[in-house]
Amino acid sequence: MQRLISLRSKSNSLKSLFNPLKSTQKHLISADWSSCFHQSWSLIASKGCFNRVFSYGLWPSCAKMRNFDKNQGFVRRFSSEAQRESIEYDVVIVGAGPAGLSAAIRLKQLCSEKGVDLSVCVVEKGPEVGAHILSGNVFEPRALDELLPHWKEEEAPINVPVSSDKFWFLTKDRAFSLPCPFDNKGNYVISLSQLVRWMGIKAEEFGVEIYPGFAASEILYDANDSVVGIGTNDMGIAKDGSKKDTFQRGVELKGHVTLLAEGCRGSLSEKLIKKYKLREKGHAQHQTYALGIKEVWEIDESKHKPGAVLHTIGWPLDQKTYGGSFLYHMKDRQVSIGLVVALNYHNPYLNPYEEFQKFKHHPAIRPLLEGGTVIQYGARTLNEGGIQSIPYPVFPGGAIIGCSAGFLNVPKIKGTHTAMKSGMLAAEAAFGSLREGTSLKSYWETLGSSWIWDELHRARNYRPAFEYGVIPGLAISALERYILKGRSPFTLKHGKPDHEATNAARLHSPIEYPKPDGVFSFDVPTSLHRSNTNHDHDQPAHLRLKDPKIPETLNLPEYAGPESRYCPARVYEYVSDENSQLKLQINAQNCLHCKACDIKDPKQNIEWTVPEGGGGPGYSVM
């Protein structure tokens, strides 16, 4: 069962396409595979290797294509942009995470149940399925029970049940036990990146086509301004914008339905939310976020307690900053440990990465890690807005699912099960729109009547309660859980958007963080090495400044250069130029794809866009 969905298994899943070009190497690197993919569309199409049927009864208009073989069910045409090829599917899904793969699997299940066939494609920017997936993760199997009820027999990597559940309030030197509000009975400690790999295998077995190593960089529209698919970015462009010898034009993947499952702060999802005013249409507040920083350690066997779960609140964060830590005992002597910091913190001198390093030295935490070694490091933002911040998720031609919409349950500290369920509901709505003449709007309606909505409605006041500070937040949360039980007659609102919450530097004092000791705490380069992050250095920066003057004229003098601290990968550094003036340097190759910069920059001057497909972190146990 240890088979992984990597670029080589991508070739396996498309072996009917790539048999003429199949590599004899055991592992294929993303650049080689991508080049092979792009160069081979014409050859594959000419050989009739595609077996896609648009089975909902509507054949694409032959007037719109150059090559079409009805017996093969394959549509191939060129766009007007430098011969960019176009491949058509019934459903195109962006993102091979829990939501995207759940949607793909559910679509194929419905096809099997109804005796029809729909072509389903999943495009994933990571070099392999699961490579960009990071989460705590204490997994609630509710949605998986519905989607794949025989997951235990099918050897899903879910085999460490929660054995204990503790909640501590930390001061600098002590830990005080509190009543545990999380109710993790029946849940499991897992690696989400490993679970997603397994789900990818299941999806391929159902007939889903998965393209890892390809980044969806643009939305495609028709003449009526409806979404008709996505375009992948061009490969082989140098930093100066010139075309390298390896240049390959991107591909259009067109779908009658497009589902966006990009995860938290998805770049395409954000564009569509603004374009179609989906937040206004859903009467939603702004989204609020947190940054999660995580390591996986291998510890001494005598200290390892499989399934033990610990959450903390309090130190090292101040009383006005919402956040907390987690420590989960996985299998094989592994523990996942991390710190989550809400991105509406006020102090521009706060450094989430350094706060995490400091946390590991706490006298209640340090003994567990003594003698251990770090296996992997990573970081990712997460949605914390809850039901108040969910936009209307349907747009002309598709829908937004999973964390791109924001279904995280904050008091549970869980969002995988809700993301999966949202993907399943969207799949059912998409199937109905393609086969039964119903509207994609049914996705919004079924969301409102599902257990997702009930769960998030009962949890709606926990996160905004902490706008008043940690102690008032704990008191209100206790009232919500133990007395009102989610039936409050009121709904609290969120405060300022995260980027507006940052105070001017003059209102705070710089924070002096201890130097890393190389045993419990580490510098950023050491951690980055453990994340397996890799980007081609010779490509245009995917982190773009809307106004290149703002860092030096505003961020540095007003906020003391916060981008050099909120980024957990040291992408942003202020360095002296030849005139001894500080200038912002962007080390885009370090990027963990966490999206913190896109969220926290005080003037929203940084735009996160996708780099070449296959770049970024390479998580395996996160």
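The values are calculated or read from the model by the stated rules, or taken from the named source; none is laboratory data. Quick caveat, the model's predicted, so the values are computed rather than measured. Methodologically, a virtual Cβ is constructed for each residue, glycine included, from the backbone with ideal geometry; neighbour enumeration extends over all protein chains shown. Heads up: the accessible areas ignore ligands, DNA and RNA and are worked out on the full protein's heavy atoms, side chains in. Shrake-Rupley method; radii C 1.70, N 1.55, O 1.52, S 1.80 Å.
Brief remarks on what is shown
- Cα centre as origin, Lys/Arg/Asp/Glu Cβ charges: the chain dipole, Debye: 760 debye
- Zero-based 20 Å bins, Cα pair distances in the chain, whole percents: 20, 55, 24, 1
- Whether region 515-559 is rounded, prolate or oblate, judged on the alpha carbon gyration tensor where a/c under 1.5 counts as rounded: oblate
- Region 593-620 residues near the modelled Arg530 label - backbone nitrogen below 17 Å, point 7 Å along Cα→Cβ: 617-620
- Beta bridges per DSSP with both ends in the chain, % antiparallel, nearest 5: 70 percent
- Global form of region 171-237, assessed from the alpha-carbon gyration tensor, a/c cut-off 1.5: prolate
- Sulfur and carbon atoms: percent of accessible area, the chain [1.4 Å]: 50 percent
- Candidate residues Arg106, Arg174: accessible-area rank, largest first, probe 1.4 Å: Arg174, Arg106
- Calculated FRET efficiency for the pair Asp517/Lys493, C-beta based, R₀ 51 Å, to 0.05: 0.75
- Solvent exposure of the chain as accessible area per residue, Å², 1.4 Å probe: 40 Å²
- Compared with the rule-of-thumb size 2.2 N^0.38 Å for a compact globular protein, region 205-288 has a Cα radius of gyration ratio of 1.33.
- Cleavage-rule hits (trypsin sites (Lys or Arg not before Pro)) in region 188-294: DSSP loop, at most 13 neighbouring Cβ within 10 angstrom: Lys239, Lys277
- Residues whose placed amide H lies under 5 Å from that of Tyr221, excluding near-sequence neighbours: Val228
- Modelled spin-label separation between Ala478 and Asp547, with each label point placed 7 Å from Cα along the Cα-to-Cβ direction: 4.7 nm.
- Mean residue ellipticity (222 nm) of the chain, computed from DSSP H runs ≥ 4 via -39,500 (n - 2.57), nearest 500: -7000 deg cm²/dmol
- Cross-link table Lys108/Lys421; Lys271/Lys546; Lys125/Lys421; Lys185/Lys305; Lys125/Lys331, entries beyond 19 Å C-alpha to C-alpha: Lys125/Lys421; Lys125/Lys331
- Contact order relative to length of the chain, as percent, for alpha carbon pairs under 8 angstrom and 6 or more apart: 17 percent
- For Asp183, neighbours were defined as the other residues whose beta-carbon sits under 9 Å from its Cβ, and their charges (Lys and Arg +1, Asp and Glu -1) total +1.
- Cβ-based net charge around Thr312, under 15 Å, with every Lys or Arg adding one and every Asp or Glu removing one: +3
- Accessible surface ranking for His542, His150, His304, His286, 1.4 angstrom probe, highest first: His150, His286, His304, His542.
- Rounded to the nearest 10 square angstrom, Glu153 shows an accessible area of 140 square angstrom against a 1.4 Å probe.
- Once all protein chains are placed together, Thr373 keeps about 80 Å² accessible to a 1.4 angstrom probe.
- Electrostatic bookkeeping for Gly473 treats Lys and Arg as +1 and Asp and Glu as -1; over the other residues with beta carbon under 9 Å from its beta carbon, the sum is 0.
- Contact order normalised by residue count of region 171-235, Cα under 8 Å, 6+ apart, percent: 18 percent
- Each part reduced to its alpha carbon centroid, region 383-421 and region 537-569 end up 29 Å apart.
- Applying 1/(1 + (r/R0)^6) with r as the Cβ-Cβ distance of Asp145 and Thr246 and R0 = 60 angstrom yields a FRET efficiency of 0.85.
- Leading residue at positive end of dipole, region 470-520 (Cβ point charges), from Ala504, Gly473, Ile483: Ile483
- Global form of region 427-533, assessed from the alpha-carbon gyration tensor, a/c cut-off 1.5: oblate
- Order of exposure, largest accessible area first, which applies to Arg460, Arg487, Arg333 with probe 1.4 Å: Arg487, Arg333, Arg460
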